[in-house]
Amino acid sequence: MPEKKQTVPFSGTKEQEEALLEVIAGLKGEPGALMPILQKAQDIYGYLPMEVQKMISDETGIPLEKIYGVVTFYSQFSLNPKGKYRISVCLGTACYVKGSGDIYNALMEKLGIVGGECTPDGKFSLDACRCVGACGLAPVMMVNDEVYGRLTVDDIDDILAKYE
Amino acid sequence: MKSLEELRVIREKAKKHVCRYRVHVCGGTGCTSSGSLRIIEKLEQEIKANGLEDDVEIVKTGCFGLCALGPIMIVHPEGSFYSMVKEEDIPEIVSEHLKNGNVVKHLLYEETTKTEHILPLEETNFYKKQHRVALRNCGEISPEHIDEYIGVGGYEALGKVLTEMTPEQVIQVITDSGLRGRGGAGFPTGLKWKFAAANQADQKYVCCNADEGDPGAFMDRSVLEGDPHAVLEAMTIAGYAIGATQGYIYVRAEYPIAVQRLEIAINQSRELGLLGDDIFGTGFKFDIGLRLGAGAFVCGEETALMTSIEGNRGEPRPRPPFPALKGLFQKPTILNNVETYANIPQIILKGPEWFASMGTEKSKGTKVFALGGKINNTGLVEIPMGTTLREIVEEIGGGVPNGKKFKAAQTGGPSGGCIPAEHLDVPIDYDNLLAIGSMMGSGGLIVMDEDNCMVDIAKFFLEFTVDESCGKCTPCRIGTRRMLEILEKITKGQASMEDLDKLEELCYHLKSNSLCALGQTAPNPVISTLRYFRDEYIAHIVDKKCPAGVCKDLLQYKIDADKCKGCTLCSRVCPAGAIVGSVKEPHMINSEKCLKCGACIEKCRFGAIYKE
């Protein structure tokens, strides 16, 4: 599995921090408050990076290890941000045989991220998916809801350029 | 609100419908995603344009159940059932029906228009065998207006309980009714409450399991979206019965509409004093908090749910001690399913004998099922216990589409089993289903036909279980994965009979040694498909064939030379270059290269390509 290249640098604003502190202050007295706090924190920031987890730990006194354990347990909580444009490369058999693996690798190189991550500017996130059912168009990738088929590695630059 | 009298004043006011017409539009998740909110907007526009604001009231309601035909709109008082309503139909409905009083027959649910007289909904195949108890208000009232709930008798049961009954009497009524938990296990509700009531503590809790994680199940979602107050009222009654003052509803975050409706309902209840201190002036206090899940199926398990509310990883705990003694925050707790609660107010008002008069000897009352899969009338149905599977599939469900043969019905989701054709006439109740190797489950009922492979289905459920296993206990964490690996080998034609023995042994181990019901029931789909469809497993293992034509690795795609016209469409679309042949000559598929993606079958206009 490729080494994690880089994550989106955390860019929390003062407003977000204030919003988070308000949430924590409001819920602190509640028993079992960690779950609602994490849910609201993800609403504010879009995801739950270590920086946010640390803030929550500092404010509530809950150990960071415990918070990390809870965040990684539930599938709704995300440690990585999703980009404005979510790229999903189909690695199902038909696409794979037609070279979608190369497309996936090329994307990782061009964007400088690995699967599951998001580019530093928050624009693109990359995931692999199973069959999207468009095997006649193999290899296939999707950007948000748009399907691109019959791809070659050379097409990638043009497609990425379409997205502001 | 300090007295029942005030409640009755609100009820009388709500019962007076000022308008000539009341149009109910389904605002459940299914119809909403088909555009029912835009239909409501269009209705409002057209009604305004025709000057009918004083004559027509539009009510966004909960689920009517016939989801296959959504978006659905019912015009009262006639009860005209308009199905698959499109925005462009609205002008005609408004001008013809609402303005001129003429029902628009060609837009009605087809079955109601087969004869001269429009068939009342209760007489259609889908509805005539149903008995809506838990769903009684879904589709009838606006779930966002507490007045409407009160208008149909809501909170009368709570009033009766708090002013006329003792906690022991309440528990006795629930016990006598024979109500069993509707979440899947079917534990007697009265008994559960009795255990919790008997334990002394400074704080007790009433919890509602609204996690509904079974794929294919949406009964609880419909109750929460269509009639949230029934659940709130029932939880308050339960609080009184066991001596609790705080309740929690644990609802999965994937149900945003349900969450929204619950928030509105809780706020409205608090405003009217039906939650909070001194309810109905009796000194009893009770409040309800909402807790959202975060995408973990295991949190539908009793102790995992409580652990999650406590702010932890949703891992189950060993029992004993049982939650009635040490549950949420180590205090006596009862946890009941949404549908179980939805029955409580009716049982209090109409009495336990009424409830016990429905159903079978050991399974009283009704059950809500979510019908899905290979069936015509997909949607939500509520039927008395004891109805047979045949009635559900052939009559209520409208049969299997496309002339295909019924093969099996799956109940209980990933914890359940399949019911084959030989048991179509079994009356559905908790014990009968266990006896034939399945279980009631929460109510998801998926119908499968001859084109489904039962080994593939077992593998599908194991994939789900492996993903959702919390990892705490070894049998489940490792056992489910090993089972999945064997099933994958079988579906790829790589398994031996020894693998089958190993699979069965693993089933036994997981059932006896897992910490919670997720692991204990994970083998059920395998055990039940082995029981009734063992020949399919043998075919995969020994003959390396998939009789249903599903498991790709065991299929060969072939071209019938007699039908092939040599048009070359298939060879051009093949992603693997596996089809050879010259123009106008019959083509051939090279099975070594063939990926079995099916693109060629889709392209062929002569039906010349087949799988075997």
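The values are calculated or read from the model by the stated rules, or taken from the named source; none is laboratory data. Note that the structure is predicted; figures quoted are calculated from it, not measured. Virtual Cβ from ideal backbone geometry, glycine too; neighbours counted across all protein chains shown.
Observations on the model:
- Wholly enclosed strands (runs of 3 or more DSSP E) of segment B:306-425 bearing at least 2 residues touching a residue at least 12 places away in the same chain (Cβ under 8 Å), in contact with a Phe, Trp or Tyr (Cβ under 8 Å, 6 or more places away or on another chain) and in the same structural domain as B:Glu164 (by TED's automatic domain parsing): B:333-337
- When every residue of segment B:240-257 is checked against the conditions, none turns out to be on the phi > 0 side of the Ramachandran plot and either modelled with pLDDT under 95 or in contact with a His (Cβ under 9 Å, 6 or more places away or on another chain) (or both).
- Residues of segment B:190-222 classified as in a helix (DSSP H, G or I) and farther than 23 Å from B:Gly62 by Cβ, total: 9
- Residue in segment B:324-341 that is of a type outside the set (Val, Ile, Thr), facing another protein chain (nearest Cβ under 10 Å), crowded, with 24+ Cβ neighbours inside 10 Å and farther than 14 Å from B:Val251 by Cβ present: yes
- Whether a residue is basic (Lys, Arg), surrounded by fewer than 22 Cβ atoms within 10 Å (Cβ to Cβ) and either more than 28 Å from A:Asp43 (Cβ to Cβ) or within 14 Å of chain B (Cβ to nearest Cβ) (or both) was assessed, and A:Lys84 does not pass this test.
- Close pairs from segment B:93-111: first part of a loop (DSSP other than H, G, I, E, B), partner surrounded by fewer than 17 Cβ atoms within 10 Å (Cβ to Cβ), Cβ under 7 Å, at least 6 apart: B:Asn102/B:Glu96; B:Val103/B:Glu78; B:Val104/B:Glu92; B:Val104/B:Glu96
- Residues (at positive phi, buried (at least 18 other Cβ atoms within 10 Å of the Cβ) and either away from chain A (no Cβ under 14 Å) or out of contact with any helix residue (DSSP H, G or I) (no Cβ under 6 Å at 6 or more places or on another chain) (or both)) located in segment B:567-612: B:Gly581
- Across segment B:276-295, the qualifying residues are those that are under 28 Å from the mean Cα position of the chain (by Cα), buried (at least 21 other Cβ atoms within 10 Å of the Cβ) and outside any strand (DSSP E or B), and the one among them that is nearest to the other protein chains (Cβ to nearest Cβ) is B:Ala294.
- Looking only at segment B:531-566, and only at residues there that are part of a loop (DSSP other than H, G, I, E, B) and within 14 Å of chain A (Cβ to nearest Cβ), the one that is farthest from the chain's Cα centre (by Cα): B:Leu555
Each row is one residue, and each column tells you yes or no for (1) surrounded by fewer than 16 Cβ atoms within 10 Å (Cβ to Cβ); (2) at pLDDT below 95; (3) among the hydroxyl-bearing types (Ser, Thr, Tyr).
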residue: B:Leu445; (1), (2), (3): no, yes, no
residue: B:Asn452; (1), (2), (3): no, yes, no
residue: B:Cys476; (1), (2), (3): no, no, no
residue: B:Cys507; (1), (2), (3): no, no, no
residue: B:Lys511; (1), (2), (3): no, no, no
residue: B:Ser514; (1), (2), (3): no, no, yes
residue: B:Phe533; (1), (2), (3): no, no, no
residue: B:Tyr537; (1), (2), (3): no, no, yes
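- Of the set (1) crowded, with 18+ Cβ neighbours inside 10 Å; (2) within 13 Å of chain B (Cβ to nearest Cβ), all apply to A:Ile62 but (1).
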